[in-house]
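Working notes for the structure below.
The values are calculated or read from the model by the stated rules, or taken from the named source; none is laboratory data. Source: prediction; values computed, not measured. In this analysis, Cβ positions are derived from the backbone assuming ideal geometry, glycine residues included, and neighbour counts consider all displayed protein chains. What goes into the accessible areas is simple: the full protein's heavy atoms, side chains included, and nothing from ligands, DNA or RNA. Shrake-Rupley method; radii C 1.70, N 1.55, O 1.52, S 1.80 Å.
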Amino acid sequence: MAAEDLPSQFDVVILGTGLTESVIAAACSRVGQSVLHLDRRNYYAGNWASFTFNGLLSWIKEYKNQQEAQITESEEEWRRLIDEGEDAMLLNSVDSSISNIEVFSYASEEDEKEEDLKPPEPHHTVKTLSEETRADSTETPDLVTSDVSTDSELKSHNKEEEGAEPEKEQRPSEDSIEEQQPVTKQEEPPVEVQKITYQKLLKEGRRFNIDLVSKLMYSRGALVDLLIKSNVSRYAEFKNIGRILTCRNGKVEQVPCSRADVFASKQLTVVEKRMLMKFLTFCLDFEQHPEEFQDYSTKLFSEFLKSKKLTEPLQDFVLHSIAMVTQQTLTEEGLKATQHFLRCLGRYGNTPFLFPLYGLGEIPQCFCRMCAVFGGIYCLRHSIQCLVVDKESNRVKAVIDSRGQRISCSHFVVEDSYIRDEQRQNTAARRVSRAVLITDRSVLPSETDQQISLVTIPPVDSSSPSVRMIELCSSSMTCMPGTFLVHLTSSSCGTAQEDLTPIVSQLFHVPAISGEEPSEGSEETSKPAVLWIMYFNMTDTSALDSSSYFLPSNVHVCTGPDASLGSDYSIQLAESVFRDLLPEEDFCPPAPNPEDIIYDGDAPQAEGSGFDQNNEEDKSLSEEESHSPSISAPAEEDTGSQEPPLDTNPTSEE
Amino acid sequence: MHGRVKVKSSAQQEEEKKKEREQKLKLFVAARDTVFRKRSAGEHDEEALQLTQQLLHSNPDFASLWNYRREILLHLETERDEANVQKLYESELFFIEACLKVNPKSYGCWHHRCWVNTRLPKPDWTRELGLCDRCLSLDERNFHCWDYRRSVVKESGVSVEQELQFTDRLIGSNFSNYSSWHYRSTLLPQVRQQPGSDTAATAGCTPQSHRVCEEQLLKEYELAHNAFFTDPNDQSAWFYYRWLLGRAEREEMISCVYVCREGERVAVAFSKPLHAPSAGLLLVLDGKPQKVNWRCIHPRLHHSPVWLCDLPAGSICDISNEHNLTIHWMEKNTHRDCALYTGCAESWCRDSATDQELFRSELSVEKGSVLQAELESCNQLLELEPQNKWCLLTIILLMRALDPLGHEKETLAHFQTLKDVDPMRSSYYSDLCSKFLVENTVLKMEYAEDLSSVCHLDQLLLVTHINLSNNQLVRLPAQFAMLQCLEVRWMTHLFTTANYLEIFLLLNT
């Protein structure tokens, strides 16, 4: 497609398809603004994106390449498009928001013989593409040999495929192994067969949807409210978080947070149950009882908890897992956080959280889809080289895209990572440490293994940050059956690997060599084994605001994902940007049902108004860029899930 | 404004919906008429099955259609072999499931499902239990489903243990659902009846008593503790707890026989209210059965613990004669004798009032130590929740069961708190307190004051003197006529201070 195909004028040009930008795009498009939405990457959602396993491996590789590559700027091309009285403001062409990527694979290689020949490399980073292809070509015969070796093996293998409680068999305790061995006629322990190899991860790679950002949705948070209000929720499906866990004294245990949890808890005494319930009930409407906490208004929340005669475990539960605040948090803030948590309980289930099936990356895409339905134009792998600023008014008049086309616009919305350092007041930004693990079982196996767990890990000492862990099961459509996808998040002190390795080795069995089994009877046998792990740091720019940049007044910067558990910050930012853009307009009013939309094909449409023009663009673009703002197709094929029909484009219904 | 999506107005939508509804109604009525025509013509074919299916799917509460459907199925059944009958009814189950999605509380659907199961050559009970689980997870109080589930459990012979686990699960997900607690209470007495359960036998669970073996009982107490410590205001667990604590049934007996030469009258008190003419009573006087007319102490009462009869004229009027009277209660295989000696104008026979079992029936099953432990748990909760009415009331009942006289002061104080924290039910608490006071009075052989009602009048059959002043009585119940020996002149203080008596029922003494 030639560059001339893009219209030369838009109301709003948006660069970056992260959550905030996508919400703004949907909101603008919904109220009739013409929107051009671009992203320099070949995938949606920027740092909010989800990848298949293989997709993530390519992403890692590209990221490494990009950092090495020298970008040569061809200035002349766009120079001639700048008129007198105009200034050009360059944008960043390299994304530096991700750093310190480290990848380790511990899953055993399928082919035993090959394994023997090749010395194990526990610390080889980044699987190269050539390794991948080798794996692909050899996996079929490998699978066959392993599957048909014995009948009993096959049986247990099938069982695992179905996801039917393989945990008990996979985790034989010290005693049961000794007892069982004389009984079972097998020569090999069954554990051997159920091992998930690296080749299998690659083969089943499409079943993974690995998020770069790990967040949950508060069931009464800004994001859920917006999804409902705008009808965007129809584009996605959600799953309840099943339980909230914490790590106390090195042991993973469940946090009783709802009424049913407290009732069922075996670790609390009845008196503790009463004290906890009493405290939580008070928190629900703490504003009504100022006498209870006003003495502590300038003191720490942790001291207030002590004063409430909560036992030590209860104080820990409330502070770290319910309020999810720090030791330094003041009483009122802690109470507010507790209240928010409690108000979210029970709306959709026993915990306050939801998670979108197929990963968090779905959510920005849902908003993009809404934007497209109302006429927004999408181009991936398409960026803006520079902004054309009117010297007199200090406003952006137009942008010049990566193909050298000048496109005029009244507003420009851009994700933070496109902003050059020259435009920043200070370049110091916080960072988030992340780890993504593929494991073979849950950190706390239970009867129903198909549940998502949030694990809050209190800081080791008061100076270090707390770590948040989200364990996703295969029914959340983010990992293959028989595995769990674990996300660790904390604010950074050092690199992600430095920050998170202690937690990983505390909670998981990290084999010294690929595929190694923990020695029988050791403590390690009770821990889930790590099959694959990736560490990286992501910049957290959420503390920045418009005063942090030197930019024209009609340029609106969207900061990237923040470190918190919810997405409220990003949604509030989107709304405030929208208010700046269009103060008179409603923010994401409910979208009409497709059947209620009138398509008067006969009536001549006003120029540039209809879907006709825009949809044509959209279609032709999608042919080339192979994109559409849709729920990720591979996952859908695999699971046969009940997604809403992909195409809600009005043209197709005429 | 340009670029905006045009949306149908609400009036337009309304109009469309209206048309749609009218169209639907026309189709429905036409199909219904066809079905009725076919039914009166006695047609039992596939077409009828199809038509009723469509109609019932849009309205599953159409009972006539279900009936017709049963006729059709019974007819089709005769034309097919067993495998096809199985198929026929299996597809019927699928269809009912679809109807239940339309209305999960349709009587017709559930009833039809029960019926289909009886016709199905090989019913799949696991599937049915799964359906119930799904249904209950959507609405845990759907009593249609509870009912249906019970019938499935009965038919399929699910073990009591499994069912207990089922209630565990439901209570775990929401302990405010009394349906699950109640179901549990029906299961527990069956636990010990499992063959080969030695523990039950050693724990002293005899099949005669409606009791739960102690080991199980302790678990149940713990479950209830967990619930009411988590939420002390939830009544489900308290009700269940009360049920756990008190399942004793008083022995059925004749508690008192009174005979009087004046009027040649006999009064009999029973341990529970009954209807004497139909209870199989036999009066034997000096070895001879007498035909007597039992009359109630008050015409308004049908069942009563106290009954009267007149002996044949002249049978006992001579004071120089000695008589032996026996009342047989044939139904319960029990009797009580009473001897009227020479020179005595009256005579009676009853057990001592200080008998420990007299008033303690409600909570007296358990060993004292168990009840004591429960009282301590409740006191612990009361310390945390001094205003909780359920806790207070349970403590009162436990104290009554353990030592009514020893705990009298605390009990009265708790009653006062109860009236303060729950003023809506203060009269209920007053009456209950009065009942306990009368019991204590009978036990102590002392006086009671400040009563709002007078209970246990059947125990007062032999009382001759009563002073009702200084009470809170508003009226005297018809049962007051049970005081058969009362000398009327002692009633004089009735209308004096501190009573609010409005009605006085004439006593027939």
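Under 30 Å Cα to Cα from residue B:291, which lysines show up? Leave out anything in the same chain fewer than 8 places away.
Here the lysines satisfying the reach criterion relative to residue B:291 are B:272, B:332.
Under a 1.4 angstrom probe, counting protein chains only, how are B:15, B:264, A:312, A:237 ranked by accessible area, largest first?
A:312, B:15, A:237, B:264
Got a number for carbon plus sulfur as a percent of the range B:254-356's accessible area, 1.4 Å probe?
51
Can you list the residues, at least 5 places off or on another chain, whose amide H is less than 5 Å from the amide H of residue A:208, using H built in the peptide plane?
Amide H neighbours of residue A:208, under 5 Å, 5+ apart: A:53.
Please give every one of the lysines within straight-line cross-link reach of residue B:87, meaning a C-alpha to C-alpha distance under 18 Å, and leave out same-chain neighbours fewer than 8 residues apart.
The reachable lysines, counting only those whose Cα sits under 18 Å from residue B:87, are B:122.
Once the principal axes of the Cα atoms of the range B:254-356 are found, what is the range along each, listed largest first in whole angstroms?
Cα spread of the range B:254-356 along its principal axes, largest to smallest: 36, 33, 25 Å.
Mark the label point 7 Å from the Cα of residue B:322 along Cα→Cβ and return the residues of the range B:262-291 whose backbone N is within less than 18 Å of it.
B:285-288
Show me, for the range A:326-333, the HN-Hα J-couplings you get by feeding each phi into the Karplus relation (A = 6.51, B = -1.76, C = 1.60, θ = phi - 60°), rounded to Hz, glycine and proline as x.
Those phi angles translate into 9, 4, 8, 6, 7, 3, 5, 5 Hz.
Please list the non-local residues whose amide H lies under 5 Å from the amide H of residue B:385, H modeled 1.01 Å from N, same-chain partners needing a gap of 5 or more.
The list, which skips near neighbours in sequence, is empty: none.
Calculate how large, on average over all directions, the projected area of the Cα convex hull of the range B:10-173 is; give the answer in nm² to one decimal.
11.9
For the range A:357-432, just say rounded, prolate or oblate: build the C-alpha gyration tensor, square-root its eigenvalues into a ≥ b ≥ c, call rounded for a/c under 1.5, and beyond that prolate if a/b exceeds b/c, oblate if not.
Oblate, because a/c is 1.5 or more while a/b does not exceed b/c.
If you take each beta carbon of peptide B:164-177 and count the beta carbons of other chains within 10 angstrom, what is the mean?
Whole-number average of other-chain Cβ neighbours for B:164-177 is 2.
Based on alpha-carbon atoms only, what is the radius of gyration of the range A:263-344 relative to the globular estimate 2.2 N^0.38 Å?
Normalised Rg, Cα atoms only: 1.01.
Per-residue mean of other chain beta-carbon atoms within 10 angstrom of the beta-carbon, peptide B:371-383?
1
Quick one: ranking A:78, B:348 by accessible area, 1.4 Å probe, largest first, what do you get?
B:348, A:78
With every protein chain kept in the model, how would you rank B:215, A:21 by accessible area, 1.4 Å probe, largest at the top?
B:215, A:21
Give me the percent of accessible area attributable to carbon and sulfur for the range B:10-173, probe 1.4 angstrom.
53
What is the interface area between chains B and A, defined as buried accessible area summed over both chains with a 1.4 Å probe, reported in Å² to the nearest 100?
Buried: approximately 2400 Å² between A and B.
Distance check, please: which entries in A:266/A:527; A:239/B:154; A:229/A:336 exceed 29 angstrom between their Cα atoms?
A:239/B:154
For an R0 of 60 angstrom, estimate the FRET efficiency from the Cβ-Cβ distance between residue B:126 and residue A:427 and round to the nearest 0.05.
Rounded to the nearest 0.05, the efficiency is 0.40.
Name the long-range amide H neighbours of residue A:467: under 5 Å, sequence gap of 5 or more, or other chain; modelled H, no Pro or chain starts.
For residue A:467, whose amide H was placed from the backbone, the distant partners under 5 Å are A:457.
Calculate the mean, over all residues of peptide B:389-395, of how many other protein chain Cβ atoms lie within 10 angstrom of the residue's Cβ.
The shielding value for this peptide is 0.
Using a 10 Å cut-off on Cβ atoms, rank the peptides A:569-582, A:542-555 from the highest mean neighbour count down.
A:569-582, A:542-555
List the residues of the range A:255-283 for which accessible area in the full set of protein chains is at least 10 Å² lower than for the chain on its own; 1.4 Å probe, protein heavy atoms only.
Buried by 10 Å² or more upon assembly, which counts only protein chains, are A:259, A:260, A:263, A:270, A:271, A:273, A:274, A:275, A:277, A:278.
Residues of the range A:10-44 losing 40 Å² or more of accessible area relative to the isolated chain, 1.4 Å probe, heavy atoms only?
Buried on complex formation: A:32.
Taking 22 Å as R0, compute the FRET efficiency from the Cβ-Cβ separation of residue A:295 and residue A:464 and round it to 0.05.
0.15
Cα convex hull of the range A:425-544: mean projected area in nm², to one decimal?
9.2
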